[in-house]
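Q: Structure incoming, see below.
The values are calculated or read from the model by the stated rules, or taken from the named source; none is laboratory data. Since the structure is predicted, the reported quantities are computational estimates derived from the model, not experimental observations. Don't worry about glycine lacking a Cβ; one is built from the backbone with ideal geometry, like all the others, and counts go over all protein chains shown.
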Amino acid sequence: MKSDVFYWVLNLSLHGGLTCLLVLALRRIRVLPRRVVFCLWLAPLLRLTVPMALSLPVSFTALLQRLGSRTVTFHVPGNGLEVQAMNSVRAAEGYFPIVYQTDGLRSLFETCALIWAVVAAACLLTLMVLYVLTRRESGGGQEIQKGVWASEKVAAPGLVGVVRPRILVPAGMRGRLLDFVVAHETAHRRRLDNLWRVLALLVCCVHWFNPIVWWSLKRLFEDMELACDETVLRGLSAADRKDYAIALLSAAKGRDLFVSAFGGAKLRVRVERVLSYRKLTLGAAICFAALTAAVVFTLAA
């Protein structure tokens, strides 16, 4: 059973890894708003977790088929729809259960599946321990305004928690810096960024053997912070944007995996984008939204 699961996980990892590379290439287009780039990461997330895709003439799966990759097609009874599962590994002759081409391949996949399961379980256990420790360290403090807590235990401001996240700032933080921090972390809370963090980390636990996935995780976290900056900047004047950039430089960098930190990601890149920020026109916003939907649908299908 474990080897069957690992077989499909390996296929997902190959397909999802290619999708990650495409998003990594697209994110280098500087004109694209980071809010658009962050949405594009939905495509790799789906490709790394959902083994089935609709059988469509125009999709990333269809392109891979033309390039020589194989798929397993399943017919959905009652409505005539077809769904496909990528079969780039090509080590099996039958599916559900997997029937390997040779006994050697079966033994290899059984051994690899055991290693995969052990390491994945260790990664999940580590994440659970880190989450508990993060919640414990962020406990206590004094509520200085609704949903905002100050604590002497923390050195960097951030949004802590998934179900009931709260903004946590170092004791003594006040003035304009506090205002910018609250605006930034409130944007994280509205965008459910801590939930996306947990989902991304869980995907990495499943695909721990794929270096592209880990590299993409770091880029995802960077785009998350940049997208949140853009959300805040929409409501700021040119003078306030300069103050916001100064506030970024004065904030300590957060290091917790489960915390959306005000000073997270590459500060130099964030400051450059803050100072060069331009509001989108309605037409540009509509075009970018349509482009995002088309790209995500094409890559995820």
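Q: May I ask you to list the residues in segment 207-216 that are surrounded by fewer than 19 Cβ atoms within 10 Å (Cβ to Cβ) and assigned to a helix (DSSP H, G or I)? Working first, answer last.
A: Step one: filter segment 207-216 for residues surrounded by fewer than 19 Cβ atoms within 10 Å (Cβ to Cβ), giving 208-209, 211-212, 214-215.
Hits for segment 207-216 are P211, I212, W214, W215.
Q: All but one of (1) modelled with pLDDT under 90; (2) within 30 Å of R270 (Cα to Cα); (3) surrounded by fewer than 16 Cβ atoms within 10 Å (Cβ to Cβ) hold for R34; which doesn't?
A: Of everything listed in (1) modelled with pLDDT under 90; (2) within 30 Å of R270 (Cα to Cα); (3) surrounded by fewer than 16 Cβ atoms within 10 Å (Cβ to Cβ), R34 misses just condition (3).
Q: Enumerate the pairs (first residue in segment 100-115 and on the phi < 0 side of the Ramachandran plot and assigned to a helix (DSSP H, G or I); second residue anywhere and surrounded by fewer than 16 Cβ atoms within 10 Å (Cβ to Cβ) and among the hydrophobic types (A, V, I, L, M, F, W, C)) with beta-carbon separation below 8 Å, excluding pairs fewer than 6 apart on the same chain, so at least 6 apart or on different chains.
A: That search, which allows pairs on different chains as well, returns A113/V5.
Q: Give the residue, chosen from A113, A183, that is over 24 Å from R219 (Cα atoms) and at pLDDT 85 or above. Working first, answer last.
A: Details: A183 fails: over 24 Å from R219 (Cα atoms).
After applying the criteria, what remains is A113.
Q: Within segment 235-246, is there a residue that is crowded, with 21+ Cβ neighbours inside 10 Å, at pLDDT 85 or above, part of a helix (DSSP H, G or I) and in contact with a strand residue (DSSP E or B) (Cβ under 7 Å, 6 or more places away or on another chain)?
A: Taking every residue of segment 235-246 in turn, none turns out to be crowded, with 21+ Cβ neighbours inside 10 Å, at pLDDT 85 or above, part of a helix (DSSP H, G or I) and in contact with a strand residue (DSSP E or B) (Cβ under 7 Å, 6 or more places away or on another chain).
Q: While we're on this one: State the number of residues belonging to segment 146-163 that are part of a strand (DSSP E or B), over 25 Å from the mean Cα position of the chain (by Cα) and of a type outside the set (G, A, S). Write out each step before concluding.
A: If we filter segment 146-163 for residues that are part of a strand (DSSP E or B), which is where we start, we get 148-151, 158-160.
Filter once more, keeping what is over 25 Å from the mean Cα position of the chain (by Cα): 148-151.
Still in the running and of a type outside the set (G, A, S): 148-149.
Total satisfying the criteria: 2.
Q: Sticking with this structure for a sec: Condition first: of a type outside the set (A, V, I, L, M) and surrounded by fewer than 20 Cβ atoms within 10 Å (Cβ to Cβ). Now tell me which residues in segment 18-30 satisfy that. Give the derivation first.
A: First, pick out the residues of segment 18-30 that are of a type outside the set (A, V, I, L, M): 19-20, 27-28, 30.
Correct list: R28, R30.
Q: If you don't mind, there's one more thing I want to ask. Which residues, taken from segment 269-287, are exposed (fewer than 15 other Cβ atoms within 10 Å of the Cβ), in contact (Cβ under 8 Å) with a residue 24 or more places away in the chain and either in contact with a helix residue (DSSP H, G or I) (Cβ under 7 Å, 6 or more places away or on another chain) or assigned to a loop (DSSP other than H, G, I, E, B) (or both)?
A: Of all residues in segment 269-287, those exposed (fewer than 15 other Cβ atoms within 10 Å of the Cβ) come to 269, 272, 275-276, 278-279, 281-287.
Filter again for in contact (Cβ under 8 Å) with a residue 24 or more places away in the chain, leaving 269, 275, 279.
The answer is L275, K279.
Q: Still on this model: Under the condition of being among the hydrophobic types (A, V, I, L, M, F, W, C) and within 20 Å of A183 (Cβ to Cβ), which residue from segment 125-163 is surrounded by the most Cβ atoms within 10 Å (Cβ to Cβ)? Explain how you work it out, then say what you get.
A: So in segment 125-163, the residues among the hydrophobic types (A, V, I, L, M, F, W, C) come out as 125, 127-130, 132-133, 144, 148-150, 154-156, 159-160, 162-163.
Next cut, within 20 Å of A183 (Cβ to Cβ) only: 144, 148-150, 154, 156, 159-160.
Values: I144: 16, V148: 20, W149: 19, A150: 20, V154: 23, A156: 19, L159: 27, V160: 25.
The qualifying residue surrounded by the most Cβ atoms within 10 Å (Cβ to Cβ) is L159.
Q: Take the residues in segment 164-197 that are of a type in the set (K, R) and assigned to a helix (DSSP H, G or I), then tell me which one is surrounded by the most Cβ atoms within 10 Å (Cβ to Cβ). Step through it out loud before you land on a result.
A: We begin by selecting, within segment 164-197, every residue of a type in the set (K, R); these are 164, 166, 174, 176, 189-191, 197.
After this cut, where a residue has to be assigned to a helix (DSSP H, G or I) as well, the list is 176, 189-190, 197.
Details: R176: 12, R189: 17, R190: 10, R197: 22.
Going through the qualifying residues, I end up with R197.
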